[in-house]
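Every read-out reported here was derived from the displayed coordinates using simple, explicitly stated rules and does not represent laboratory data. In this text the structure is predicted, and so the values were computed from the model without any measurement. Positions of Cβ are generated from backbone atoms using ideal geometry, with glycine treated the same way; all protein chains shown enter the neighbour counts.
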Amino acid sequence: MNPPFPDPGLGLPGPATMPEPGPGVAAAPRVEVAGLRAFYGDVEALAGVDLEVPANAVTALIGASGSGKTTLLRCINRLHEEVPRARLEGRVTVDGIDVYGPAIELPAVRRVVGMVFQRPTPFPSMSVYDNVAVGLRLAGARGPAVRETVVAALEVVGLWDELGHRLGVPAVSLSGGQQQRLCIARALAPDPAVILMDEPCSALDPIATLRIERLIGELTANHTIVLVTHNMQQAARVADTIVFMMDGRVIEHSPALELFTRPRDVRTERYVTGNFG
Ligand SMILES: Nc1ncnc2c1ncn2[C@@H]1O[C@H](COP(=O)(O)OP(=O)(O)O)[C@@H](O)[C@H]1O
Ligand SMILES: [Mg+2]
């Protein structure tokens with residue numbers, strides 16, 4: 001986790017510095033969005049978004065309800081196109097590859113770009129083990145590799161220690177925080193480069209929330225995270241850079257400390273000083 005910085009007057013803790021790129025970390029952005037417009041029928045939800053998401057870091061999307069945060073996430077892993085009458089224009093690339101390119105198959109996009117939703121969404125009729133294994137089996141994995149991957153994913157999220165001997169229990173018997181960590185393990189199993197998280201802690205208590213925030217920080221060693229949050233303190237605690245959205249546009253994208261202490265746009269300043277969510 002990032003160290004807190006002295007209270008800037010907003011009551012917000014936050015990261016003190018930008019992350020140092022580690023050995024082997026690519027300088028190129030992991031996700032790049034250019035000229036993205038998204039529509040639901042006649043409603044324009046994204047009105048021309050340009051965004052570079054740095055690799056191996058947490059990028060937080062903040063902004064009022066309806067500003068387009070969820071739509072932006074859903075355009076990155078191509079969930080948007082599953083809404084009837086939805087369409088989009090523009091480009092989304094992951095490591096330089098256009099996810100809407102004609103040669104790209106949808107399952108490949110979903111393997112590279114995983115997603116965690118607002119409420120825990122484990123498969124209710126399945127065991128803890130099967131929740132993580134099912135995607136791997138669907139992707140064709142068989143034999144000991146499945147178990148090794150499931151165990152590794154459960155270890156990362158801390159569920160192996162808690163449930164290692166009870167992996168056959170139904171997922172719905174877990175606490176909300178455990179269920180959400182199980183969903184993160186499920187997202188991790190195919191080893192995605194990018195993980196999208198849409199307000200993943202909004203249904204959780206403060207202890208479970210802190211547990212997941214710590215995990216998000218750890219995941220950046222191997223993954224690029226885009227996190228939607230309505231909680232300013234959470235953005236300050238976990239994000240390396242923060243994107244402020246309004247009316248389907250990116251108003252400002254800055255290092256977390258800078259966005260809170262020296263916002264460049266008056267609209268950002270109004271939002272971060274008026275919302276303690
Ligand atoms: N399924 C949908 N059908 C029609 N309009 C939608 C749908 N989902 C979102 N919208 C509209 O798109 C805009 C952006 O919504 P959304 O991306 O959910 O914002 P946020 O996640 O920031 O709250 C809003 O005006 C919202 O009403
Ligand atoms: Mg949303």
Exercise for the section: Could you please rank E218, E32, placing first whichever residue has the fewest other Cβ atoms within 10 Å of its Cβ? Expected result: E218, E32
Practice task
Using a Gaussian network model of the chain whose springs link C-alpha atoms within less than 10 Å, name the residue from S125, S67, S254 with the highest mean-square fluctuation.
Solution key: S125
Practice task
Mind telling me which of P263, P120, P206 comes out most flexible in a GNM of the chain, alpha-carbon contacts under 10 Å?
Solution key: P206
Problem - Cβ-placed point charges (K, R +1; D, E -1), dipole of the chain about Cα centre in debye, nearest 20 - result: 520
Exercise for the section: Return, ordered by residue number, the residues of the range 60-76 whose backbone nitrogen is under 17 Å from a label point located 7 Å along Cα→Cβ of V43. Expected result: 64-75
Problem - Neighbour cut-off at most 15 other Cβ (10 Å), DSSP loop, trypsin sites (Lys or Arg not before Pro), the range 75-108 - result: R85
Problem - Loop trypsin sites (Lys or Arg not before Pro), the range 164-228 (other Cβ atoms within 10 Å of the site Cβ: 15 or fewer; DSSP) - result: R166
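Taking Cα pairs under 8 Å and at least six residues apart, what relative contact order does the range 32-272 come out at, in percent? Walk me through the intermediate numbers first.
Working: 442 pairs, mean separation 70.1, N = 241.
29 percent.
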Exercise for the section: Nearest 5 is fine: what % of DSSP beta bridges in the range 32-272 come out antiparallel, could you say? Expected result: 60
Fill in the blank from the handout: Taking a ≥ b ≥ c as the square roots of the Cα gyration tensor eigenvalues, with a/c under 1.5 meaning rounded and otherwise prolate when a/b beats b/c or oblate if not, the range 150-212 comes out oblate
Problem - Cα-projected label distance for D205 with S125, points at 7 Å along beta-carbon direction, nm - result: 3.1
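What number, in nm² with one decimal, is the all-direction average of the projected area of the convex hull of the alpha-carbon atoms of the range 32-272?
On the way: hull surface 52.8 nm².
Averaged projected area of the range 32-272's Cα convex hull equals 13.2 nm².
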Problem - Positive dipole terminus of the range 32-272, leading residue within A103, T268, G176 (C-beta point charges) - result: G176
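At R0 = 41 Å, how high is the FRET efficiency between I97 and H165 if r is their beta carbon distance? Nearest 0.05 is fine.
Computed FRET efficiency for I97 and H165 comes out at 0.50.
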